[in-house]
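Q: Below is the structure I would like to discuss, written out as structure tokens.
The values are calculated or read from the model by the stated rules, or taken from the named source; none is laboratory data. All values derive from a computational prediction rather than experimental measurement. Heads up, the Cβs are rebuilt from the backbone with ideal geometry, glycines too, and the neighbour counts pull from every protein chain shown.
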Amino acid sequence: MISEIIINAIKHAHPSGVTGRLTVRCVRRTDGQLVIEVKDDGVGLPEGFDPASDGGLGLRLVQLLSRQLNATCRFDSTALGLDFRLEVPTRGRRVH
């Protein structure tokens, strides 16, 4: 399920269609939480865009799958790109 979230985050990382460069980072914190970041150095989301209510199917799918994992996801948009961060609690369970 995590891979599906990341695939959708990458697939929809360029909402404006401007080509950019993606960086994906994954780390397990000392508290057991898995943190995955996708950073796009293209153009960020349109002004006034609200990731909680706006966006297409890909963004809604990312949010739905994140909730199913009891994970938090955050989108930060700047003129220099879009950053996506997924934090998955993993203590006591396997992550696929």
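Q: For the range 44-96, what are the residues that are under 17 Å from residue 10 (Cα atoms), of a type in the set (A, V, I, L, M, F, W, C), surrounded by fewer than 18 Cβ atoms within 10 Å (Cβ to Cβ) and at pLDDT below 75?
A: Hits for the range 44-96 are 57, 80.
Q: Mind listing whichever residues of the range 67-86 are at positive phi and not in a strand (DSSP E or B)?
A: Scanning the range 67-86 gives a single hit, 70.
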